[in-house]
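Peer 1: Below you will find the structure I want to go over with you.
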Amino acid sequence: MIRVNENYLKLKASYLFSDIAKRVAEFEKKNPGKEIIRLGIGDVTLPLPPACIAAMHRAVDDMASAKTFRGYGPEQGYDFLREKISEFDYRSRDVSISADEIFVSDGAKCDTGNIQELFAHEIVIAVPDPVYPVYVDTNVMAGRTGVNSDGRYSGLVYLDSTDANGFVPELPGEKVDLIYLCFPNNPTGATATKADLTKWVRYARENRALILYDAAYESFIRDDNIPRSIYEIEGADEVAVEFRSFSKTAGFTGTRCAFTVVPKKCRAYSATGEPVILHQLWLRRQTTKFNGVSYPVQRAAEAVYSDEGRRQVRELGDYYLENAARIRNGMKDIGFARYGGLNSPYIWVKGDRDSWALFDLMLEKAGVVCTPGAGFGKCGEGYIRISAFNSHENVDRALEKMSEALR
Ligand code: MLT
């Protein structure tokens, strides 16, 4: 008898964004022709920057000639891209991350989901609440939790992120081994200061813990005082892995390209307490299970760092941040407290009823799709997340419709 991994049976029936897509599809079926504006999943709507498109076209031509054709690439990514990432994302900000500490991949979702494989079964894991569901669900699948009751899995340490702490969680009261952090935060849009991150790095160093730092939204940071990388904090390169993505930065959600930084100084420990270099383990994992990102896509990602690419990417970010500002203003006018959306494409809105009820009301009365905060955890109850990824026209229209429906 073939038996299933019982841990999968502990999961909620479907992934949050699949669940929402299903509800929206049902609504569309029941209400044919009704206009729907999507401000739910954080999926970009503007096309790839022209610099990326031109580079991708050239790379496709390379694949058409035996002289320039490429077969399997290095699993960790081509040097041409890793060098650019190291130079522009790190060295230009006085952070010493070398090209060979960068692992190019097909998504931060996959990497944040896969990396838990490197760690022992019995480690203590801390996750913020609300949280990007991938961090939790992948640990559930791996059997590191008990069952879900009342919206939380036993065995995990939840770090409450509320308006009382500005959605930046406090250090845990107990000793934890693995800590997931995400700034600018998905879903709350909160950012962490240098002082906030310094506290976490110190905690990790004192407790031989590891921080998994998801910085997929760093390109939306406009305030120079906000750190863009955890490695801006001294000593973080010994206790933190960082995840970045071209998805939201440069519109690669469908094209797929991201990277993970595993500094060579970063350690975890064997059962006998011997330090183990994480870089070697991740390299071993990636070379075994991953065959790299396609050559044309990596060339397109490389173009993000050209002069015109950097200008175009900045414009993309500015466009969505303008939407975020409109949403912040619009929700305030409607009378709702709202957070985030300043250095982030997500606006976290405190509603006047439970999250799913507000989601249903927004969909049915306004034809606007948002994401119910409760889908991100217990502390998300009563909130909705509104994404800034759409056109200015659709955002304005959504605000008008929400204003009619919610006032
Ligand atoms: C979101 O809406 O939270 C994101 O699109 C999730 C993701 O990037 O996977």
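The values are calculated or read from the model by the stated rules, or taken from the named source; none is laboratory data. None of the values given here were measured: they were computed from a predicted structure. Note: ideal-geometry Cβ built from the backbone for every residue, glycine included; neighbour counts use all protein chains shown. Accessible surface is based on the protein model in full, side chains and every heavy atom, while ligands, DNA and RNA are left aside. Shrake-Rupley method; radii C 1.70, N 1.55, O 1.52, S 1.80 Å.
Peer 1: What full-extension length gain, to one decimal in nm, is calculated for residue 7 and residue 165 as 0.36 nm per residue of separation minus the Cα-Cα distance?
Peer 2: In short, 53.6 nm is gained.
Peer 1: For residue 311, tell me the accessible area in Å² from a 1.4 Å probe, rounded to the nearest 10.
Peer 2: 130 Å²
Peer 1: Follow-up. Per residue of the chain, what 222 nm ellipticity follows from adding -39500 (n - 2.57) for every DSSP H run with n ≥ 4, rounded to the nearest 500?
Peer 2: -10500 deg cm²/dmol
Peer 1: Here's another thing I want to ask about it. Within the stretch 336-375, list the residues whose amide N lies under 18 Å from a label point set 7 Å along Cα→Cβ of residue 29.
Peer 2: Counting only backbone N, you get 364.
Peer 1: Name the long-range amide H neighbours of residue 383: under 5 Å, sequence gap of 5 or more, or other chain; modelled H, no Pro or chain starts.
Peer 2: Hits under the 5 Å cutoff: 351, 355, 373, 374.
Peer 1: Additional query: How large is ³J(HN,Hα), in whole Hz, for each residue of the stretch 181-197 in order, when computed from phi with the Karplus curve 6.51 cos²θ - 1.76 cosθ + 1.60 and θ = phi - 60°, using x for Gly and Pro?
Peer 2: Each residue's phi maps through the Karplus curve to give 10, 9, 9, x, 7, 9, x, 7, x, 6, 10, 9, 7, 4, 5, 4, 5 Hz.
Peer 1: Of all the accessible heavy-atom surface of the chain, with the other protein chains kept in place and a 1.4 Å probe, what percent is carbon and sulfur?
Peer 2: For the chain, the apolar C and S fraction of the accessible surface comes to 50 percent.
Peer 1: For the chain, with a Gaussian network of springs between Cα atoms less than 10 Å apart, report the residue from 139, 225, 329 with the top mean-square fluctuation.
Peer 2: Sorting by GNM fluctuation, first place goes to 225.
Peer 1: Once phi is turned into ³J(HN,Hα) by the Karplus curve 6.51 cos²θ - 1.76 cosθ + 1.60 with θ = phi - 60°, what whole-Hz value does each residue of the stretch 208-218 show in order, with x for glycine and proline?
Peer 2: 6, 9, 10, 9, 9, 9, 8, 10, 4, 10, 4
Peer 1: Packing-wise, with mean Cβ within 10 Å as the measure, how do 58-70, 207-219 rank, highest first?
Peer 2: 207-219, 58-70
Peer 1: When the Cα centres of the stretch 135-170 and the stretch 24-91 are compared, how far apart do they sit, in Å?
Peer 2: Distance between centres, Cα-based: 31 Å.
Peer 1: Spin-label point model (7 Å from Cα, Cβ direction): what's the residue 311 to residue 79 distance in nm?
Peer 2: Spacing of the two 7 Å Cα→Cβ label points: 3.1 nm.
Peer 1: Give me the percent of DSSP beta bridges within the chain that run antiparallel, rounded to the nearest 5.
Peer 2: 55 percent
Peer 1: If you project the alpha carbons of the chain onto their three principal axes, what span does each projection cover, largest first, in Å?
Peer 2: 57, 55, 53
Peer 1: Relative contact order (percent) for the stretch 53-306, with alpha-carbon contacts under 8 angstrom and 6 or more residues of separation?
Peer 2: Relative contact order of the stretch 53-306: 25 percent.
Peer 1: For residue 352 and residue 365 in one chain, what is 0.36 nm times their gap in residues minus the Cα-Cα distance, to one decimal in nm?
Peer 2: Full-extension gain reported as 3.1 nm.
Peer 1: Accessible area, 1.4 Å probe, largest first: how do 378, 30 sort?
Peer 2: Descending order: 30, 378.
Peer 1: Estimate the FRET efficiency between residue 53 and residue 267 by the formula 1/(1 + (r/R0)^6), using the beta-carbon distance for r and 35 Å for R0, to the nearest 0.05.
Peer 2: With a Förster radius of 35 Å, E is 0.25.
Peer 1: Next question. Under a 1.4 angstrom probe, counting protein chains only, how are 121, 279 ranked by accessible area, largest first?
Peer 2: Greatest to least solvent exposure: 121, 279.
Peer 1: If every alpha-carbon in the stretch 166-301 counts as one equal scatterer, what log10 I(q)/I(0) does Debye give at q = 0.15 1/Å?
Peer 2: For the stretch 166-301 at q = 0.15 Å⁻¹, log10 I(q)/I(0) is -0.81.
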